[in-house]
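Q: Here it is, the structure in full.
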Amino acid sequence: MTGLPRWLRVLVILIAIAAGVVVLFEWVFPWVEATWYNPSLE
Amino acid sequence: MTVAPAKPAVGAQRAPTPVWVRATRVLGWLLMTAGVVVGLFIVYLLFWTGRETDAIQAEQLTEWEAQAESWTVDEWEFDRAAGDAEGIESLPQSGPVEDAPDPGEVDEVIVDPEPGSAYALVWFERDGTRIVNERMLSVVEGVTLRDLQSGPGHYPASADPGQAGNFSVAGHRTTWSAPFWDLDTLQPGDEIHVVDLEGRHFVYDFRELRSVLPSDVWVLDDDPLGVGGDHWMVMTTCHPRFSAAQRLVAFASLQEVPQ
């Protein structure tokens, strides 16, 4: 990415962070929470 | 007067960064990333999950509003914006609404709700003042992880509201809008109001709180305290807050047993 303009590099990084947060909130965190669920007596 | 350090000459080669410095740098980035992920997870649990539950509860309160129109209770005015039901005091307690089946004759809910769908309305009062949760709670059918993301859930094998046996409800203490966050503030004599899908209104008297182990499923028995009586309501939630080590259980009995 060294050949890219600075603004484009910042944009790519921000998009990558946003995508990472979406993946965490939509899939990773619900999966982690489900592994904790104790169905015996909620 | 300070002297600025001399700049390296153009073309001079910098000394290579030692391996331990690079390793420490990578470790630092990994730890910072892990900290951010953990922080985001806390945000997810405490705030993000509540947004989803609030949206589902609002949707189900709309369903209750539509359902209430089919009931024959003139005074029912459902103020969805406030999550409240003005005029609820006019509903007959522990008895039939006009033209509705007598709970004594019909001992179970005729409408069989799908898992995760609206099952009953519940709210708490002390001397006419709302306690535990400012809003009415739409209880859904089922207690799976998915069901409880919609709100408090009715244990499917337990009794229906007003029915002989143990009407049991589970709810989150924290996360997913935390409907039972203040369940420990109940005091003997507090009223727990329940309206079922047919508009029948039951009032349970709160008896006592107990903290038990998650494996203590005896609290769901028909006579959980072994003191007699066969019209119980039990609410279970995690205890203490932010922990699943124990369960807080609120026991209540029907104020007026249908004849």
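Q: Got at least one residue in region B:136-147 being in contact (Cβ under 8 Å) with a residue 60 or more places away in the chain, in a loop (DSSP other than H, G, I, E, B) and closer than 13 Å to B:Pro113 by Cβ?
A: First pass over region B:136-147, keeping only residues in contact (Cβ under 8 Å) with a residue 60 or more places away in the chain: B:136-138, B:140.
Subset that is in a loop (DSSP other than H, G, I, E, B): B:136.
Of the ones still in play, those that are also closer than 13 Å to B:Pro113 by Cβ are none.
No: zero hits.
Q: Just to be sure before I move on: is B:Leu31 at pLDDT 80 or above and within 14 Å of chain A (Cβ to nearest Cβ) in the structure I sent? Before the answer, list the steps.
A: Working: at pLDDT 80 or above: yes; within 14 Å of chain A (Cβ to nearest Cβ): no.
Here the answer is no, as B:Leu31 does not meet what is asked.
Q: Does region B:41-83 hold any residues that are touching a strand residue (DSSP E or B) at 6+ places or on another chain (Cβ under 8 Å), at pLDDT below 50 and acidic (Asp, Glu), and which are they?
A: Hits for region B:41-83 are B:Glu77, B:Asp79.
Q: Continuing with the same structure: When you check B:Glu198 against the structure, is it surrounded by fewer than 18 Cβ atoms within 10 Å (Cβ to Cβ) and either away from chain A (no Cβ under 14 Å) or modelled with pLDDT under 95 (or both), yes or no? If you could, list the steps in order and put the result at the bottom.
A: On the way: surrounded by fewer than 18 Cβ atoms within 10 Å (Cβ to Cβ): no; either away from chain A (no Cβ under 14 Å) or modelled with pLDDT under 95 (or both): yes.
It is false that B:Glu198 is surrounded by fewer than 18 Cβ atoms within 10 Å (Cβ to Cβ) and either away from chain A (no Cβ under 14 Å) or modelled with pLDDT under 95 (or both).
Q: Ok, one more. If the requirement is being within 14 Å of another protein chain (Cβ to nearest Cβ) and more than 25 Å from A:Thr35 (Cβ to Cβ), which of these qualifies: B:Val132, B:Val139, B:Val143?
A: None of the other options fit; the residue is B:Val139.
Q: Right, here's the next one. Which residue pairs have Cβ atoms under 8 Å apart, sit 6 or more places apart or on different chains, and have a first residue in region A:15-29 that is closer than 11 Å to B:Val37 by Cβ and a second that is of a type in the set (Val, Ile, Thr)?
A: Listed pairs, sorted by first residue: A:Leu24/B:Val37.
Q: Within region A:4-40, take every residue that is hydroxyl-bearing (Ser, Thr, Tyr) and within 9 Å of chain B (Cβ to nearest Cβ) and give me the one that is farthest from B:Val43 (Cα to Cα). Show your work before the answer.
A: Of the residues in region A:4-40, the ones hydroxyl-bearing (Ser, Thr, Tyr) are A:35, A:37, A:40.
Narrowing further to those that are within 9 Å of chain B (Cβ to nearest Cβ): A:37, A:40.
Values: A:Tyr37: 19, A:Ser40: 27 Å.
Filtering region A:4-40 for residues that are hydroxyl-bearing (Ser, Thr, Tyr) and within 9 Å of chain B (Cβ to nearest Cβ), the one farthest from B:Val43 (Cα to Cα) comes out as A:Ser40.
Q: Let me confirm something: among B:Asp184, B:Asp205, which residue is surrounded by fewer than 20 Cβ atoms within 10 Å (Cβ to Cβ), in a helix (DSSP H, G or I) and away from every other protein chain (no Cβ under 14 Å)?
A: Values: B:Asp205 fails: in a helix (DSSP H, G or I).
Answer to the check: B:Asp184.
Q: In region B:225-250, what residues are within 14 Å of chain A (Cβ to nearest Cβ) and buried (at least 18 other Cβ atoms within 10 Å of the Cβ)? Don't jump to the end; show me each part of the working.
A: The initial filter retains those residues of region B:225-250 that are within 14 Å of chain A (Cβ to nearest Cβ), namely B:234-239, B:242-250.
B:Val234, B:Met235, B:Thr236, B:Thr237, B:Cys238, B:His239, B:Arg247, B:Leu248, B:Val249, B:Ala250, listed by residue number.
Q: Then there is this: Is it the case that region B:168-188 has a residue that's within 20 Å of A:Leu41 (Cα to Cα), touching a helix residue (DSSP H, G or I) at 6+ places or on another chain (Cβ under 8 Å) and among the charged types (D, E, K, R)?
A: Within region B:168-188, one or more residues are within 20 Å of A:Leu41 (Cα to Cα), touching a helix residue (DSSP H, G or I) at 6+ places or on another chain (Cβ under 8 Å) and among the charged types (D, E, K, R).
Q: It is to be established whether one or more residues within region B:221-230 are at pLDDT 90 or above, under 19 Å from the mean Cα position of the chain (by Cα) and of a type in the set (D, E, K, R).
A: Among the residues of region B:221-230, not one is at pLDDT 90 or above, under 19 Å from the mean Cα position of the chain (by Cα) and of a type in the set (D, E, K, R), which makes the answer no.
Q: Which residue out of B:Ala244, B:Ala252 is without any contact (Cβ under 8 Å) to a residue 40 or more places away in the chain and out of contact with any helix residue (DSSP H, G or I) (no Cβ under 6 Å at 6 or more places or on another chain)?
A: On the way: B:Ala252 fails: without any contact (Cβ under 8 Å) to a residue 40 or more places away in the chain.
Every option except B:Ala244 fails the conditions.
The values are calculated or read from the model by the stated rules, or taken from the named source; none is laboratory data. On a predicted model such as this, the values are computed, not experimentally measured, just so you know. With ideal geometry, Cβ positions are generated from the backbone for all residues, glycine too; neighbour counts draw on all protein chains shown.
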